[in-house]
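The values are calculated or read from the model by the stated rules, or taken from the named source; none is laboratory data. Quick caveat: nothing in here was measured; it's all calculated off a predicted structure. Cβ placement follows ideal geometry from the backbone for every residue including glycine, while neighbour counts extend to all protein chains displayed.
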Amino acid sequence: MFATDGVWDNLSSQDLLGLVSEKMTVSGAWVNASNRGVQVGGDLGELVQQPPSDDREKSLQTVIATRIVEKAKEASMDERRDSPFAKAVRRHYPSERYFGGKPDDICVVVGIAVDEGLL
């Protein structure tokens, strides 16, 4: 994933991992193989194909990127959020009482690496 500072200033690494994990799991790209942990699902190759097939309107990477942009924009407008930017301001300028998100440019590019055998 590549993202502008409008994403990183408003969402933490943990926030992003949660968003990606949710989409990967819900889509079936990641499956829980009980005693072997999380593994790549058999449909991953189909999920990342462009153009989308059947009833899917968007590829998995597009769905993930769109969700990240939505959450980053929402966080940037939240004046009560303790964003990564707000934490950095207070760390470097302890006398500042900055809270909230930071409106900024928001752009995300998501790529998903797939073994050729799954395509």
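Cβ-Cβ contacts under 9 Å between residues 6 or more apart (or on different chains), taken from a first residue in the range 14-28 that is in contact (Cβ under 8 Å) with a residue 40 or more places away in the chain to a second residue that is exposed (fewer than 13 other Cβ atoms within 10 Å of the Cβ), are listed as Met24/Val38.
A search for C-beta distances below 9 Å between a residue of the range 76-94 that is farther than 15 Å from Asp5 by Cα and any residue that is of a type in the set (Phe, Trp, Tyr), counting only pairs 6+ apart in sequence or on different chains, returns Glu79/Phe99; Arg80/Phe99; Arg81/Phe99; Asp82/Phe99; Arg90/Tyr98; Arg90/Phe99.
Exactly one residue among Val20, Val26 is closer than 22 Å to Asp115 by Cβ, exposed (fewer than 14 other Cβ atoms within 10 Å of the Cβ), under 18 Å from the mean Cα position of the chain (by Cα) and of a type outside the set (S, T, N, Q), and that residue is Val26. Only helices (runs of 4 or more DSSP H) whose full extent lies in the range 11-110 are considered here, and the ones with at least 1 residues that are in contact with a Leu (Cβ under 9 Å, 6 or more places away or on another chain) and at pLDDT below 90 are 44-47.
Evaluation of Gly41 against the conditions (1) crowded, with 17+ Cβ neighbours inside 10 Å; (2) in contact (Cβ under 8 Å) with a residue 60 or more places away in the chain shows that the sole unmet condition is (2).
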